[in-house]
Structures are given as structure tokens and as C-alpha cells.
Amino acid sequence: MDNDVSTILTTLRLEADEESSPVFYTLEDLYERKLWYQLTTTLDEEFYQSNNIIHGLKLRLFDRFITKFWDKLNRLKLVEFLLLSLSDDQDLTDDEALEILSSWKAKIKDAFTKESRRSGTSEDEEGVSNLEYVQSLIYIDSEIAKLKLGFEDQKEDAKTMIDEISEKLESLNSVDNKINASYYNTLGEYYKINRDYNNFYYTSLLYLACVDEDFKKEKIPSSVQEAFCFDLAVSALLGDKIYNFGELIMHEHLFEVFNSHKNLKWLYGLVQTISEGDLKAFESLIETNKGYITEQCPVLLENINFLQQKICIMALIELVFSRPSNETMLPFSEIISNISLLTTDDEVEYLVMKCLSLKLIKGSIDQVNSQVNVTWIQPRIMSKSQISKLQQKLKDWNVKIGELTTILDNAGKEIWV
């Protein structure tokens, strides 16, 4: 094939659809005038960030065109274009992607070393150019580690890379948000593989904070968003240290994703029922969706006893929260009558001790009088229904303050005079 850039871009333009073909004329013009910054911007905004490009064309443009002037590009943008090219090619295997990323890592590292020698600076020395190189290498390492997690014989190597990336990120004063997103995504994948639901949940929230705008603008494919929400909800349900679901329930875009996919709507409802301690709704959702759960998410049924314990804990917290603030003593009998899964005082006592050990509440158990004194509830992000309850409590408190003011006013008239 002719290596002339004009011929290459003409060939690729013929492969593209009518809507994206004009961009190739712009790319040719900018390349001939050596306007590298403008060329990078055009590649980014008009080509690589577009969802309308024919699959496989992004990788072909990278291989045939960008490789001719890659050393003139911002290193972070180079890695970003490479990653977008690889993710766009559906026929590419993980083995092939790993080989390509590893070869480009070596090229960038070699260029970094040569440039440091030419400028007479150390590779560890701080500077704009060095920071750009360091971040690009961290970025590509993060994606390599993620791919390695998919191979049984390379998981340990992937974990070592993740630890090294973590140390490097902590040593930098500033990091591009895309690198943070890549790191949290890879770390989350590691926790997911190891079924570490607690760490997966919190790491995924950090990842979400980095890509929130990409979610909203649908730069991340719908199928990826759906899978992410599914995993996030499952980890929230099965995490043995997760009893605050506010970040998940109240997130505007996650709410839209959950409610726009039939396969996710029930899962979102399940998280809501546990957050509110609604036992009846929980049992109804499990029964209604039992067939789907068995087929698509059997891990929930495998942990049904844990989920029942979890909703009992949330029901107890909700019961305490709904009581007037001056009524801190809660009889065991009232707990049993409100939480149907509990039948004996021993079960109530165990549940309260569990809540105390998780630091969800503070207080004491009075075994003699079979009651618990709750003095504090762990702060949490509340749903709209919980906020409504709090609003009503404040209204009741305001009325009582008014009544007390009236009593004091009537009783002390002579003194006030």
C-alpha cells in the first residue's frame, strides 16, 4: 500500500460514511501545514469522541495515519486515541490488545528516555514534559493491568502493577481525570474478580465521580453503563459493611439508567426496599423476580440469609429513626412486631449487637426489662421519603416547643411583669 499520507486518508475516507468523510480533508490539510495541536484537537473532537464512526475505522486511522507523527502529539492524547481505537474494534482479542498496548508502552518509554538524555534532565525530575510522559505511562499501565486481570496466569502480575500505579499516583501533585478513571476502573475490576463487594462499591463510586459527565453525555456505551449499574447494585446489596445506599439511590443519572432498563429496574427497587427497611416489599420483589435472579444473578439467592439480616438491620434503624427523639427506649416486643423475620428476644438482642458492632447505632441493651436504649444513629444520605419523615419530626418538635413556650408564659406571668 502507498505510504503517502494523502493516499492513506483518501482510502480511509472512502471507507467512512458520508457524515464523517469531510473530517479527512481537514486532517490532511492540518497535517500538511504541521499544525499538530489543531490536528490533535480535530482528531479528538471530530473523530475519536464520535459514536458514529464505522467500527474498526478508528484503529485503521491510528495504525496508518497517527503512527506517522505520533511523536509530535501530546502523549496523553496519543494513549487516549490508542485506547479508543482498541475498544472500537470488536474483532480484536484481549491477547492482541495486550500485545499492542505493551509495544506502545515500550515506544513511549524509549522516547521518554531519549528526550531526557537530550535535554540533560532526569526521568524522575519534575516538569511539564516529564509529567506528560509519566502520566501517559501510568495510563497505559492501568489498561494493561486491566487486560491482565482477564488471564488466570497473569492476575498476580496485574495486582503488582496496580500497587505500583497507586504509589505513582500518590507521588504526583496533579493527575489527569482520565487516568484516575482508568485506575479506579481497573482496581474495581480486581475487586470484582475477588468478590470484594465493599471495596468494589466504594471504588466504583470513585470511578463514577471521574466519568459522571461521560455517563450523562453517553460517551460511554449504554451496554457498559448497564453492566456497571448492575454490578454496583449487587455489590451494594452484598457488601457486609455497606448500609448507606444514598450515593446510589440519589444519583440522578444512575436513576435514569436503572429505570430505562427492564433488567435493572427491579434491582434498583431491591436496593430501595433494603435502604428503607421495607420487609414486605423486599419479599415481594424477590418472589416476583425469582426466575430472573436464578438465571442472571444467582449470587443473590446464594446470599439470601445475609440479605434478610441486612434488611432487618435497616428496618431496625428505620424504626428508631421514625420514633420521636425523646423516646429512646425501644422494647423488644415493639421490634418483633415491626420486623416479622424476628420471633424471639434472643434474635432481637443479636440484631442490636450486630448494629452496635457495625457502629450503625450507639446505645445499650437492658436485658432485664427487654429493651434497648438508642442514643445515636449513624449519619446517612436520606431518600425523599426519609427526608419527609424528618420534616414531620421537625414539625412535631416545633409544635412541642410552641406548647412549652405557652405553658411557661402562662405559668410565669407574674414574674415576667
For the cross-link pairs LYS109/LYS148; LYS217/LYS280; LYS148/LYS178, which exceed 29 Å when the distance is taken from alpha carbon to alpha carbon?
LYS217/LYS280
Of GLN371, LEU14, TYR268, which is farthest along the charge dipole of the chain in the positive direction, counting Lys and Arg as +1 and Asp and Glu as -1 at C-beta?
GLN371
Among VAL299, VAL134, VAL211, which one shows the biggest mean-square fluctuation in a GNM of the chain, springs joining Cα atoms closer than 10 Å?
VAL299
Local electrostatic count, ASP396, Cβ distance below 12 Å [Lys/Arg +1, Asp/Glu -1]
+3
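For the chain, what relative contact order do you get, as a whole percent, if you take Cα pairs closer than 8 Å and at least 6 residues apart?
8 percent
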Leaving out same-chain residues fewer than 8 places away, which lysines sit with a Cα under 23 Å from that of LYS362?
LYS241, LYS310, LYS354, LYS389, LYS393
For region 138-147, Karplus couplings with θ = phi - 60° (6.51, -1.76, 1.60), whole Hz, Gly/Pro x
5, 4, 6, 4, 4, 6, 5, 4, 5, 5
Let's see if you can work this out: charge +1 on each Lys and Arg Cβ, -1 on each Asp and Glu Cβ, no other charges. What is the dipole magnitude of the chain about its Cα centre, in debye to the nearest 20?
1040 debye
What residue among SER284, LEU78, LEU330 has its Cα farthest toward the positive end of the dipole of the chain, where the charges are +1 on Lys, Arg and -1 on Asp, Glu, each on the Cβ?
LEU330
Mind checking which lysines have their Cα closer than 19 Å to the Cα of LYS395? Skip sequence neighbours fewer than 8 apart in that chain.
LYS384
How about LYS107: which aspartates and glutamates have a C-alpha closer than 19 Å to its C-alpha, ignoring those fewer than 8 places off in the same chain?
ASP63, ASP71, GLU80, ASP95, GLU96, GLU99, GLU115, GLU123, ASP124, GLU132, ASP141, GLU143
Amide H within-cut-off set for GLN371, under 5 Å, with H built and near neighbours excluded:
PHE332, ASP366
Pick out which of THR405, THR26, THR11 has the largest mean-square fluctuation in a Gaussian network model of the chain, springs linking Cα atoms closer than 10 Å.
THR405
Please name whichever of ILE401, GLY188, ALA111 sits farthest to the positive end of the charge dipole of the chain, dipole taken about the Cα centre and charges placed at Cβ: Lys and Arg +1, Asp and Glu -1.
ILE401
Which whole-Hz ³J(HN,Hα) couplings does region 151-167 yield from phi under the Karplus relation 6.51 cos²θ - 1.76 cosθ + 1.60, θ = phi - 60°, glycine and proline marked x?
10, 4, 7, 10, 5, 5, 4, 5, 5, 4, 5, 4, 5, 5, 4, 4, 5
If you work out Rg and Dmax of the Cα atoms in Å from the coordinates, which of (1) 23.1, 102; (2) 28.9, 106; (3) 20.4, 65 do you get?
(2)
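Laboratory data are not the source of any read-out in this text; all were calculated from the coordinates shown. Not measured: the values here are computed from a predicted model. Neighbour counts are summed over all protein chains in view; Cβ atoms, including those assigned to glycine, are modelled from backbone coordinates with ideal geometry.
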